[in-house]
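The values are calculated or read from the model by the stated rules, or taken from the named source; none is laboratory data. This is a predicted model, so every value here is computed, not measured. Neighbour counts run over all protein chains shown; Cβ positions are idealised from the backbone, glycine included.
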Amino acid sequence: MTTIIALTNQKGGVGKTTTSSALAAGLSTFYDQKVLAIDLDPQGSLGFSLGLDIENSSTIYDVLKGTVSIQDAIQTTDYCDIITSNILLSSAELEFTSAEREFCLKRALTPVLDNYDFIVIDTPPALNILTINAYAVANHLIIPMAPEILSLLGLTQLKETIDSVREKLNPSLNVLGLILTKYNKRTLLAREVKEMAENIASQIGSCVFDTQIRTSVSVAEAPAHGLSVYDHAPRSNPSLDYKDFVEEVIDKTGHSIAGRIQ
Ligand SMILES: Nc1ncnc2c1ncn2[C@@H]1O[C@H](COP(=O)(O)OP(=O)(O)OP(=O)(O)O)[C@@H](O)[C@H]1O
Ligand SMILES: [Mg+2]
């Protein structure tokens, strides 16, 4: 069965795209899983960060509009298959007005679902129709949070959105956990931050991943090379941390996997 995971947080710059990319690349590189990564953010960073041309290719916008088949929008990379996005997707809110517009992505994915072990969806920093489409099709949400912008602000809105999606669109939507990114033990009282995150997580009926992703400039550099963090800086802290995170994701989703290959 395919496990669908969406990375979400309406706050900007908390590590959604970085974590989506590391999760997708990690599942395929270390566990030989067939992975499709989908960029649902009009900023288009996910495809770009894994080395793809996002301006001259078919995107998720074309798929959701029904002008391109999903098979034709899938691009293959060394890491995983990807459906890119670009700024055109920002008109989705106005353009997708049909009944059941929350299920556009779910309907679009049906023909290729069986081809993948995991589908990883990167979402925009918003709670809009794109985010709702991701929530409506996902089995699990993962919420990245950066300690410097860690706060309870926005949590009520996120919780209400998740509750409403569970009620109306996707009863089995699970919040797999909250992952602390850009973590720096030296500048922050680590225990305090972890406690605060646990408090936030418990309010949405979830928990905090044991792994924290430490800060390193290597993470910011990797996208410019179109490489995953594992290839760009294999010995960097984030590379090691993301490896552990991917293992935790596999354990928590209960996805049966033969074992680590690297
Ligand atoms: N562990 C890390 N160490 C250092 N920099 C990081 C780390 N994780 C992410 N960053 C940097 O922080 C910035 C924001 O990260 P990212 O784009 O993944 O966040 P986002 O939540 O997807 O943002 P947006 O909401 O705009 O989509 C990027 O410049 C990225 O390189
Ligand atoms: Mg992003």
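A few notes on this one:
- The stretch 81-130 - residue that is of a type in the set (S, T, N, Q) and surrounded by 24 or more Cβ atoms within 10 Å (Cβ to Cβ) and, of those, nearest to the chain's Cα centre (by Cα): THR123
- Some residue of the stretch 133-143 being within 16 Å of ligand 2 (Cβ to nearest atom), crowded, with 18+ Cβ neighbours inside 10 Å, hydroxyl-bearing (Ser, Thr, Tyr) and under 13 Å from the mean Cα position of the chain (by Cα): no
- The one condition in (1) free of Cβ contacts under 8 Å to residues at least 40 places away in the same chain; (2) closer than 27 Å to THR84 by Cα that GLU195 fails to fulfil: (2)
- Some residue of the stretch 5-24 being in contact (Cβ under 8 Å) with a residue 24 or more places away in the chain, among the charged types (D, E, K, R) and under 26 Å from ILE162 (Cβ atoms): yes
- Residue among THR76, THR110, THR67, THR84 that is over 30 Å from ASN184 (Cβ atoms), of a type outside the set (Asp, Glu), touching a Ser or Thr at 6+ places or on another chain (Cβ under 7 Å) and free of Cβ contacts under 8 Å to residues at least 60 places away in the same chain: THR84
- Of all residues making up the stretch 1-23, the number that are in contact with a strand residue (DSSP E or B) (Cβ under 9 Å, 6 or more places away or on another chain) and part of a helix (DSSP H, G or I): 7
- Scan of the stretch 1-45 for residues that are among the hydrophobic types (A, V, I, L, M, F, W, C), within 11 Å of ligand 2 (Cβ to nearest atom) and either surrounded by fewer than 20 Cβ atoms within 10 Å (Cβ to Cβ) or at pLDDT 95 or above (or both), ordered by number: LEU7, LEU40
- Considered as a group, the residues in the stretch 121-163 that are modelled with pLDDT of 95 or more and polar (S, T, N, Q) include one that is nearest to THR18 (Cα to Cα), and that residue is THR123.
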